[in-house]
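Please read the structure below before turning to the comments.
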Amino acid sequence: RNTFAGQECDDWRWISQSNNEIVTIGVAFLGGRCGRFENPEVYGIYSLPLYHDRILSVPVLKRFQIDFQCGSSIHPRSDVAFHFNPRFKGSGHIVCNTLQNEKWGWEEKTYHLPFTKGQPFEVIFLVFHHKFQVSSNGKNLLVYKHRIGLEKVDTLGISGKVKINSIGFLSQPTILGSQPTSFAVNSIEGNQGRSEKLLTFSVPYTGCLPSALIPGKTVVIKGEVHKYAKRFAIDLKPHGSKDIALHLNPRIKEKVFVRNTYLCESWGEEERHLLDFPFCPEMYFEILIFCELQQFKVAVNGVHQLEYKHRFKDLNKINEVSVNGDVELHDVRIW
């Protein structure tokens, strides 16, 4: 991963790049990137929206933009594959669009603005072969489908009243940090003989863990929510038993993340409280389930979401994971 320090400025500048190293950063910023996008790839932009009279004599932040461009030409203007444009007028919203042949396409608007004047923020762009997925400050924000092929994108442009502290990118990222050496869960029901670099598992999926999910162990499930998803579920349980030690059930339309345990052919009391629902249609996710002595801890895309006290006490018997519902499953791992 590379990160780059920045500064304030008011003119477009072309920043040459060699071996993925940007020399300097400013706003406005125009930076080249060598090579094509890999899938997936992460761009992180860490910034501060300006709200000071001393900055270009502009007392109020109105808007800024981040553009994934096809070149650096100004006249004629290069195509923009993804135009990300937060606007602060009124209650605020985000406009996303694509520029081709100097003509804008249809706008896609998101009426949620996670940025506050004068407050630092982090924006993460996760790039897939068919879409951009954007999150800010650890929360999923929006999905934008490609209208221009990724192979044409080679320049990052930033302009507006923001101070860019750093920009970084990570090829073939692991959002959650370190990974197991090489392990894909053995399939019981579903596709057989998948390699470590599998693209999808069939759903419903059931896999047997090579060792019990005892304290200190972690399971990671990676996938994508379907476009018209209603819900999906992840279950951790003993093989050959109807009991379910941990039932995770995100309900997309209701925006409720249900947790429960199934013991002696009966469901327990549901746990539903969560400050923010971390899923939305078409989003990529990595769910990390960490087993502690007294509880499970669950994170989504690197952000801690909840704790769940153990109701199934015999932890050394938890050796199976199943996934079902409206998701595409990419990978299941344990370490």
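We did not get these values from a lab; they are worked out from the coordinates using the rules stated. Treat the numbers as computed from the prediction; the structure is a model and nothing was measured. Methodologically, a virtual Cβ is constructed for each residue, glycine included, from the backbone with ideal geometry; neighbour enumeration extends over all protein chains shown.
Quick check on packing: order 99-106, 80-87 by the mean number of other C-beta atoms within 10 Å, highest mean leading. Show your work: numbers first, answer last.
Numbers: 99-106: 11.6, 80-87: 22.2.
Descending mean neighbour count gives 80-87, 99-106.
Hey, with R₀ at 22 Å, roughly what FRET efficiency would LYS152 and GLU107 work out to, going by the Cβ-Cβ distance, to 0.05?
Taking R0 as 22 Å, the efficiency between LYS152 and GLU107 is 0.55.
Treating r as the C-beta distance of LYS227 and LYS62 and R0 as 45 Å, the FRET efficiency rounds to 0.85.
Express in nm, to one decimal, how much length is gained between LYS89 and GLN295 on full extension, taking 0.36 nm for each residue of separation and deducting their alpha carbon distance. Kindly include the intermediate steps, with their values, before the conclusion.
Working: separation 206, 0.36 × 206 = 74.16 nm, distance 4.45 nm.
Full extension from LYS89 to GLN295 adds 69.7 nm.
Shown for region 186-334: lysine pairs separated by 8 or more places, or found on different chains, whose C-alpha atoms are under 19 Å apart, numbering 23.
With Cα atoms defining each centre, region 281-307 and region 103-140 are spaced 22 Å apart in the structure. Evaluating 6.51 cos²θ - 1.76 cosθ + 1.60 at θ = phi - 60° for every residue in region 97-106, the Karplus couplings come out as 7, 9, 10, 10, 6, 6, 10, 7, x, 6 Hz, glycine and proline recorded as x.
Mind ranking 205-214, 230-239 by how tightly packed they are, going by the mean number of other C-beta atoms within 10 angstrom, highest first?
On the way: 205-214: 17.0, 230-239: 19.7.
The densest-packed peptide leads the list: 230-239, 205-214.
Take 109-122, 215-228, 244-257 and order them by the average number of nearby Cβ atoms within 10 Å per residue, most first; the result is 244-257, 215-228, 109-122.
Listed by chain and number, the lysines placed with their C-alpha closer than 22 angstrom to that of LYS152 are LYS103, LYS131; residues fewer than eight positions away on the same chain are left out.
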